[in-house]
Amino acid sequence: MAQDFERDDEQVDEGAVNTSHELDMVPLYFSQTIEADVEAEVIRGILETNGIPASVTGSTIRSLGFEIQVPRARADEARRIIEEQRAAGPEAAAEAEAASEE
């Protein structure tokens, strides 16, 4: 579980819960567009591929929107990864997919 991590410099008691705010989930993305659900799932996939846990919340009523949340401690890293992906564009995604199929 996310709360069960250990650091080298401190011992964690069995059953102890991390009460710091590092695990608080913060919004990273929100959209109410017609394709918001698809875009949210793509972003979640990119983040999780890069080791960042992400949660997608939304409604079956698309006009209410979709939101992605990430742990507070990883939010800056998540933003950087998403910006890098957007800057690379869809061509980079197609090249990566083709390379993975070889």
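The values are calculated or read from the model by the stated rules, or taken from the named source; none is laboratory data. Since the model is a prediction, treat every value here as computed from it, not as a measurement. In this analysis, Cβ positions are derived from the backbone assuming ideal geometry, glycine residues included, and neighbour counts consider all displayed protein chains.
Please find, among Gly89, Gly51, the residue that is part of a loop (DSSP other than H, G, I, E, B) and exposed (fewer than 12 other Cβ atoms within 10 Å of the Cβ). Criteria check complete, one pass: Gly51.
Listed conditions (1) surrounded by 15 or more Cβ atoms within 10 Å (Cβ to Cβ); (2) out of contact with any helix residue (DSSP H, G or I) (no Cβ under 8 Å at 6 or more places or on another chain) are all met by Ala78, apart from (2). Residues in the range 54-75 that are outside any helix (DSSP H, G or I), in contact with a helix residue (DSSP H, G or I) (Cβ under 7 Å, 6 or more places away or on another chain) and over 14 Å from Met25 (Cα atoms): Gly58, Gly65, Phe66.
For the range 58-81, which residues satisfy the criterion of being closer than 20 Å to Glu35 by Cβ and within 9 Å of the chain's Cα centre (by Cα)? Ile68, Gln69 - these are the residues of the range 58-81 that are closer than 20 Å to Glu35 by Cβ and within 9 Å of the chain's Cα centre (by Cα). Taking the numbered list (1) surrounded by 16 or more Cβ atoms within 10 Å (Cβ to Cβ); (2) in a helix (DSSP H, G or I); (3) at pLDDT 95 or above; (4) not acidic (Asp, Glu) in turn, Ala40 passes all entries but (3).
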